[in-house]
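Colleague: Just passing along the structure, written as structure tokens.
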Amino acid sequence: MVDLHQLTPHKDRSASILIFISVIMLVAIIGVTFFFIWNKIKSGSGLFQPIITSTTLITPSDKLNQTGVSLLKENNYKDAEPYFNQSIQADPNNYKPHYNLGVVYASEGYFGPAITEYKKVLQINANYEPAIINLIGAETTVGDCQTSSETVQKFIKQYPDSKNIVTAHWEAADAYACLKQYESSINELKIIPVIAPNGPDNFRVYYDIGSYYNILGNYKMALSYYLMAEEEISKQPSLIVADKDLGKLYADLGASYFRNSDRKNSIEFFQKALKDNPDYTKNTYSSTLSSIGL
């Protein structure tokens, strides 16, 4: 017969062992969880990544720059300029205020200082496209056309898919015209309608091509492109062309018809030109107007 009292010590010992094992497992689970969380915090990934990446610090330099930009958008160049200068003083390596200061200078007609600022931008951020484009335009404006033509061709080769590629071809055309390389200007402009078939600038593209052909003495081609410019107005009803620009086109069309021995159409377009832009028409084509009795 088994003495029941002899079983009691065994039951107590088993319970103690189970409790001890449970405590060890609980400690292990807590330890593993803590280790996992700590690693996430250190690596900045997983659990805490959204909190870290969503926090954006605005530096004193950026804050000053933003104030200047607000004034710049209102064409308040005089008041914007000090903020960009202060932003640069706060952080000379912040390229944004250098760029905006360049815009201020260029807008006020100070292209030399503008070029200096655009170059500073590119020393900090060599691939900032707006600064490259503005630098090219400023260099052309001050007459450094060889440099601007070389820079713009590098840009076109390096960034063929850039959203600024149309502007780059415009700048290239201007640079070549500055060098009196009108054929090259024409070639650059002809690329623009291929890139943007219904672009809002195509009126100006065709008009400028016609003007360059006019300079080269190719009056038939000039007439052809002037007519394409006129057609662009009817193709795009939303296209707004100032009366003075339209009058200038009509005057050049009248002259082109005259040079192509078409007196009837010459008179018709000169009459339109005298209505929309009499100053340009009379100042540019006074002898031609006399020849056709206008």
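Colleague: R0 = 51 Å: FRET efficiency of SER287 with ILE58, Cβ-based, nearest 0.05? Can you show the working numbers first?
Modeller: On the way: r = 63 Å, r/R0 = 1.24.
Calculated transfer efficiency: 0.20.
Colleague: Also, quick follow-up: Between the stretch 122-162 and the stretch 194-212, what's the alpha-carbon centroid distance in Å?
Modeller: Their Cα centres are 21 Å away from one another.
Colleague: Sticking with this one: For a paramagnetic label modelled at 7 Å from the Cα of LEU122 toward its Cβ, which residues of the stretch 155-192 fall within the zone defined by backbone nitrogen distances under 11 Å?
Modeller: 155
Bear in mind these aren't lab numbers, they're just calculated from the coordinates by the rules spelled out. Not measured: the values here are computed from a predicted model. No Cβ is skipped: glycine too gets one built from the backbone with ideal geometry, and neighbour counts run over all protein chains shown.
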